[in-house]
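Step one of this worksheet: look at the structure below.
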Amino acid sequence: NQHSADIQAFSTDNAEALEQFRIKYLGTKGIVKDLFDAFKQVGPEEKRVLGKVLNEFKQLAEGKHQQLKEALAAPAPHAVKTDADLTLPGEGFTLGSRHPLALVRREITGIFGRLGFTIEEGPEIEDDWHNFSALNFPEEHPARDMQDTFFIRKGGENGDIALRTHTSSVQVRMMEQGKPPFRAIMPGRVYRNEAISARAHCFFHQIEGLYVDENVSFADLKQTLFYFVQELFGEGTKVRFRPSYFPFTEPSAEMDISCTICKGSGCQLCKQSGWVEILGCGMVDPNVLENCGIDSKKYSGFAFGMGIERIANLKFVIRDLRLFSENDVRFLKQYTAAL
Ligand code: PHE
């Protein structure tokens, strides 16, 4: 009958609802009790038939109640017993930070990017031609010793193979492979055979710049670098150019900026001079253009190169070069905020 169908369809995972079910069917005023009371009133003939039906009904109700009660008492399948205190706060996770050299490189490439310079890269293992000869270093010239080279192989078909001593080698590769105008900056790691100390390392990082087109002048060089310094170190930073020598530029210069700490009034960083040197630069020597297959009558250009560590030292006041490559997290995590 209807009650049997209701009982079969019934299900719950709620203790309160199950108790309601018990009271409704099995309670002292429940349906089963009522039916048994009524049963007493019928005649013996009907008792035989009804007795069986009634017993089956009672068992159905009791069975259902028992089944649901056991299901309620059993732990849910996904609940794992644990002694852990689930109210404790979770463990925080540490976020990495960008390396200060990467931060500075990104800032510099960003500034030149806004001036229309593209980014170029070249190999760290270089041949003599790209690192020296094409850049106008004469054979046996002492300038080759100026940069203490790590040689990988002496002699051989393409001359000596070495770790590049500067990113100027990328200038050569770029000019050999393309056609003017060139306007690019070239970041990368360079190697020099020097004793490691607070002020020198056997590898460091440079950013090279090259601009070659018709009618490029020293005035373009000065204005480009002046703008760069205002962007990187802030408006009002002064620049000055001192005559210098590089085999691959003529004329050549070194550029100083007014000291970032004392703004030129004299401090320890600038050794009381008020100035700090930040890069080498000059007009690309016509010999270099010709070595790379570029008509030096038609085209001229400027180039510059700077050490990224040097710039980072000025921006972050880092006094020991070795910190950059020791991977000490106490050092590295200071730059988290700069992300
Ligand atoms: N290559 C030079 C150095 O490593 C820097 C430089 C680059 C100078 C380009 C002039 C022009 O010192």
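The values are calculated or read from the model by the stated rules, or taken from the named source; none is laboratory data. As the structure is a prediction and not an experimental result, all values here were calculated from the model. A quick note on method: Cβ atoms are made from the backbone with ideal geometry, for glycine too, and the neighbour counts reach across all protein chains shown. Side chains are part of the model used for accessible areas, which takes the heavy atoms of the whole protein and leaves out ligands, DNA and RNA. Shrake-Rupley method; radii C 1.70, N 1.55, O 1.52, S 1.80 Å.
Let's see how each residue does on (1) in contact with a Gly (Cβ under 8 Å, 6 or more places away or on another chain); (2) in a helix (DSSP H, G or I); (3) of a type in the set (D, E, K, R); (4) exposed (fewer than 15 other Cβ atoms within 10 Å of the Cβ):
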| site | (1), (2), (3), (4) |
| --- | --- |
| Val190 | no, no, no, no |
| His201 | no, no, no, no |
| Gln206 | yes, no, no, no |
| Glu231 | no, yes, yes, no |
| Pro243 | no, no, no, yes |
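Tell me yes or no: at least one residue of segment 276-289 is within 14 Å of Val104 (Cα to Cα) and not hydrophobic (A, V, I, L, M, F, W, C).
no
Just give me the residues in segment 38-78 being under 20 Å from Glu19 (Cβ atoms) and of a type in the set (Lys, Arg), in sequence order.
The answer is Lys58, Lys64, Lys69.
Can you tell me how many residues in segment 208-220 are within 12 Å of the ligand (Cβ to nearest atom) and open to solvent by 20 Å² or more (accessible area, probe 1.4 Å)? Spell out the reasoning first.
Of segment 208-220, the ones within 12 Å of the ligand (Cβ to nearest atom) are 208-211.
Filter again for open to solvent by 20 Å² or more (accessible area, probe 1.4 Å), leaving 211.
Result for segment 208-220: 1.
Being open to solvent by 20 Å² or more (accessible area, probe 1.4 Å) and outside any loop (DSSP other than H, G, I, E, B) is the filter here; which residues of segment 308-327 pass it?
Result: Arg310, Asn313, Lys315, Phe316, Leu321, Arg322, Leu323, Ser325.
State whether the residues of segment 149-157 include one that is surrounded by 14 or more Cβ atoms within 10 Å (Cβ to Cβ), at pLDDT 95 or above and within 15 Å of the ligand (Cβ to nearest atom).
Within segment 149-157 (the criterion being surrounded by 14 or more Cβ atoms within 10 Å (Cβ to Cβ), at pLDDT 95 or above and within 15 Å of the ligand (Cβ to nearest atom)), the answer is no, since none of the residues qualifies.
Considering only residues that are open to solvent by 20 Å² or more (accessible area, probe 1.4 Å) and part of a loop (DSSP other than H, G, I, E, B), look in segment 286-302 and name the one that is farthest from Arg183 (Cα to Cα). Can you show your working first?
To start, the set of residues in segment 286-302 that are open to solvent by 20 Å² or more (accessible area, probe 1.4 Å) comprises 286-287, 290-291, 293, 295-300.
The next check asks that each one be part of a loop (DSSP other than H, G, I, E, B); those that pass are 293, 295-299.
On the way: Gly293: 17, Asp295: 17, Ser296: 16, Lys297: 19, Lys298: 16, Tyr299: 13 Å.
Across segment 286-302, the extreme among qualifying residues is Lys297.
For Gln223, state whether it is within 33 Å of the chain's Cα centre (by Cα), more than 19 Å from Val104 (Cβ to Cβ) and away from the ligand (no atom under 16 Å from the Cβ).
Considered against the rule, which asks whether it is within 33 Å of the chain's Cα centre (by Cα), more than 19 Å from Val104 (Cβ to Cβ) and away from the ligand (no atom under 16 Å from the Cβ), Gln223 comes out as yes.
Considering segment 261-285 alone, what residues qualify as being part of a loop (DSSP other than H, G, I, E, B) and either closer than 20 Å to Thr224 by Cβ or within 11 Å of the ligand (Cβ to nearest atom) (or both)?
Asp285, the sole residue that qualifies.
Against the condition within 16 Å of the ligand (Cβ to nearest atom), open to solvent by 20 Å² or more (accessible area, probe 1.4 Å) and touching a helix residue (DSSP H, G or I) at 6+ places or on another chain (Cβ under 9 Å), how does Pro251 come out, does it pass?
In short, yes.
Residues to consider are Ile196, Ile185, Ile161; find the one that is away from the ligand (no atom under 13 Å from the Cβ), open to solvent by less than 40 Å² (accessible area, probe 1.4 Å) and touching a helix residue (DSSP H, G or I) at 6+ places or on another chain (Cβ under 9 Å).
Ile161
Could you name every one of the helices (runs of 4 or more DSSP H) located completely within segment 1-117 that has at least 1 residues being under 30 Å from Phe226 (Cβ atoms) and touching a strand residue (DSSP E or B) at 6+ places or on another chain (Cβ under 7 Å)?
Helices (runs of 4 or more DSSP H) meeting the threshold: 100-114.
With respect to Gly266, determine if the residue is at pLDDT below 90 and over 30 Å from the mean Cα position of the chain (by Cα).
yes
Check off (1) at pLDDT 85 or above; (2) exposed (fewer than 15 other Cβ atoms within 10 Å of the Cβ) for Gly96 and give me the number that stays unchecked.
Going through (1) at pLDDT 85 or above; (2) exposed (fewer than 15 other Cβ atoms within 10 Å of the Cβ) one by one, Gly96 breaks only (1).
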